[in-house]
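Let me begin by presenting the structure, written as structure tokens, before commenting on it.
Computed from the coordinates by the stated procedures, all read-outs in this text should not be read as laboratory data. In this text the structure is predicted, and so the values were computed from the model without any measurement. Positions of Cβ are generated from backbone atoms using ideal geometry, with glycine treated the same way; all protein chains shown enter the neighbour counts.
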Amino acid sequence: MRITSLARCFRIFDINRLSYCVRYPFSSRTKDMVKLLKFDLESPDPLVVERAKQRVIDGVERNLVEPETQSRNDKILIREMLAFPLAKILASLSGDSFVKRRYARAEANALRRFLEKEPQFASQLSADLGVPITEGFVPFVAYANAAPEQYKLVNAELDSGRVRLRRQETLVEFVAELFRQRIEEDIAKPMKVPKRYTSIAAEIKGEVNRDKAYSSVKEMNLGPVTTSEFPPCITALIELAQSGAPMAHQPRFTLSTFLINANMPIDPIIEIFRPTPNFNENKTRYYIEYSMGKKGSGTKYSAPSCEKMKFYGTCVNPDALCGRIKHPLSYYIVKMRSKKQAGDKSGA
Amino acid sequence: MEPSKEYLRRKLSEYYDKHSVLAPPRIDQREFGAGSDKKIDFRHLAFRDENTMNTYIRTSVPLYISYSAGYYEFPDKRPMARKNWQSADLIFDLDADEYETSCDHDASMVCDICMSRVTEEAVRLVEDFLIPDFGFSKGEIISVFSGNRGYHLHIRREDAQQLSQQGRKELLDYLSSRGLEPNALGFRMEGHLRGPSTAEKGWGGKIARHLSKLIAGGDAKELAKKAGVGLPSAKRIIANKHEVINGLEQGHWDKVNVRRDSWERAFKHVAASLSVKVDQGVTMDVSRLIRLPTSIHGGTGFVACYIRNLGKFDPLKDPIVLGTSVERVKGLKDMDVRLGDETIEFRAGKEMDLPEYAAYYGCAKGLCVVE
Ligand code: SF4
Ligand SMILES: [Zn+2]
């Protein structure tokens, strides 16, 4: 294989360096390395192509690209590294704005997760993306163009045309948003590449399961989640959200933590909140990911118990089953279990 | 009797025969619009240079002429997508009818009260925000009279031209303090209540400094009103004003017994009073057409002139450029209008002799007709 032989003869592909390049596939270090490898679009390694395709599909369907960074095998790491530029090409060729947008967001999410663990690289990566950070300051134009929803310019320390990034989380969010925009820009441009990729991109477009990704709640395939088995309190909260009424923090928190713990995927949860006033998709996504423990402190929040629900006044219309359980989630589990048993019996 | 519109166009034609309109920078990348019935009857116009632009103006004599804040590769192509947008100047538009004032004339008119209100707002935008926070220099902020009842600030610095729509929205939110969060600005409990200090940059410091100034004033009623806190709290603050002011200098917000939510309320209240109001659409829309500086606003006869010193600009005198030869007019409405150094008293049915610029203004505003 061409890649391995190159790797062997140069002996420059230190595993840790390679892993860095996989984590930060847009860094200047990675670009240098990709150049050195002289990746040939005319006769690509089929495994790289396969991986690139999967990367786009995972990104769109699961909002997750999960690059392989743990491997100690340079062949695997190099393949992963090369899959990124190719994945961008495929996303672009798909010509599908839904695929493009979702893919870009998934890549940015992956970047955020890595940077949260090693924020020391954020500054350098920002420079690699074209926005140098001098002594913790960013020019306000760059900041305003990529201001993360939760760190608006209005709340920033703006002075003489520069924004001071005092907190590491702000810097990480900023770089992730910068990266997301960069990918969106890159894949918006028309690309001149060999024909074969156009057909692979068309395959992606066909294979992507949009239901898994999103659409409206009703059209949603929730997999194992069945809304009809939800306890009365949760049904009432869903109806409240759907009616477009404003929701206070507590009911919002109750509903989202319940749905998360019932294993509802993130996109349908967002759809449930869509009719609420001042709905903001990014904010809602952030909030849910935060409650899932994907953001911030990393703690996954549990849904409130019946006792707490009664205290907050969110326990409404309790029925017979409610008398036997102490937690809305137990209500759901009991219902699902008896439904399954009923199904098994009738099937037998 | 000559119909008013023909009179207006004849006057503008005489003016444009003697005066040239200045080309905006990079004229060949701008889209132009012109109109006489509406503000814009035609758009997608483009001119190679200042000469061709002036030739167009002299031959078609539009009452209104505007140009794009945006730069395009092909400014005359249509639809918009084919123009290939490149970047756009940053524009702020302030209009007198956006602000609450005590004047009672109808919306098409202006007076000294509402004009000084909009001038004051424009000055605050420049001095309190664009210079200190955004770091633009005085020379980079180009102030232009809109020709009627407001101002356009044009910023053509290269980095500002690169602001995306989202970026422009962030700027607008900064100016209006929309989305301001006390927590994000550092309000927190750390044994005691901490918050932004007076030395802080951005909104945190702005608010702390303003509060500290209000407190130093020593008037509890005034403080209660301007900071939106209850009178008992305000009295407690004033009674301990030196400690409180010292505290604010260090970012300690609990030198007196005032609850955190009261402070947060004061914080938002002060922010609202310090923010500035500009037209959101004009700044956001990177393909907007704006009055061409140094052209005449057909609805007033005033020139949309460049302004050297905003604070000293007299919008009812300085932009007068039409002549002073006398015209006989007949009033249609009762209205007093100050123009230059005199007040013109239009009276329905009354004939009078007016200098050309006043006759034009009266005709354009429907206050009189030319005999
Ligand atoms: S008892 Fe629990 S499950 Fe039943 S309605 Fe109340 S909170 Fe909901
Ligand atoms: Zn007025």
Index of the failed condition, residue B:259 passing every other in (1) without any contact (Cβ under 8 Å) to a residue 60 or more places away in the chain; (2) within 26 Å of residue B:131 (Cβ to Cβ); (3) of a type outside the set (A, V, I, L, M, F, W, C): (2)
Single residue of segment B:81-121 satisfying the filter (among the β-branched types (Val, Ile, Thr) and surrounded by fewer than 20 Cβ atoms within 10 Å (Cβ to Cβ)) that is farthest from residue B:301 (Cα to Cα): B:101
Candidate set: segment A:313-330, residues that are under 30 Å from the mean Cα position of the chain (by Cα) and not polar (S, T, N, Q); chosen: the one nearest to ligand 1 (Cβ to nearest atom): A:328
Matching option when the condition is surrounded by fewer than 18 Cβ atoms within 10 Å (Cβ to Cβ) and outside any helix (DSSP H, G or I), among A:148, A:194: A:194
Test set (1) within 13 Å of chain A (Cβ to nearest Cβ); (2) more than 15 Å from residue B:69 (Cβ to Cβ); (3) crowded, with 20+ Cβ neighbours inside 10 Å - residue B:181 fails condition number: (3)
Which numbered condition residue B:140 misses (of (1) more than 21 Å from the chain's Cα centre (by Cα); (2) surrounded by fewer than 21 Cβ atoms within 10 Å (Cβ to Cβ); (3) more than 10 Å from chain A (Cβ to nearest Cβ)): (1)
Test set (1) surrounded by fewer than 16 Cβ atoms within 10 Å (Cβ to Cβ); (2) in contact (Cβ under 8 Å) with a residue 24 or more places away in the chain; (3) assigned to a helix (DSSP H, G or I) - residue B:78 fails condition number: (3)
Total residues in segment B:86-105, condition near ligand 2 (Cβ under 10 Å from one of its atoms) and either within 14 Å of chain A (Cβ to nearest Cβ) or over 29 Å from residue B:24 (Cβ atoms) (or both): 5
Among (1) within 14 Å of chain A (Cβ to nearest Cβ); (2) within 16 Å of ligand 2 (Cβ to nearest atom); (3) not β-branched (Val, Ile, Thr), the one test that residue B:133 misses: (2)
Number of the exception - residue B:147 against (1) crowded, with 21+ Cβ neighbours inside 10 Å; (2) facing another protein chain (nearest Cβ under 9 Å); (3) touching a strand residue (DSSP E or B) at 6+ places or on another chain (Cβ under 9 Å): (2)
Options A:136, A:130, A:161: the member that is within 8 Å of chain B (Cβ to nearest Cβ) and not polar (S, T, N, Q): A:161
Considering residues of segment B:150-173 that are in contact (Cβ under 8 Å) with a residue 60 or more places away in the chain and within 12 Å of the chain's Cα centre (by Cα) only, the residue farthest from the other protein chains (Cβ to nearest Cβ): B:151
Output for segment A:283-312, where each listed residue is polar (S, T, N, Q), more than 16 Å from ligand 1 (Cβ to nearest atom) and touching a residue at least 24 places away in the same chain (Cβ under 8 Å): A:291
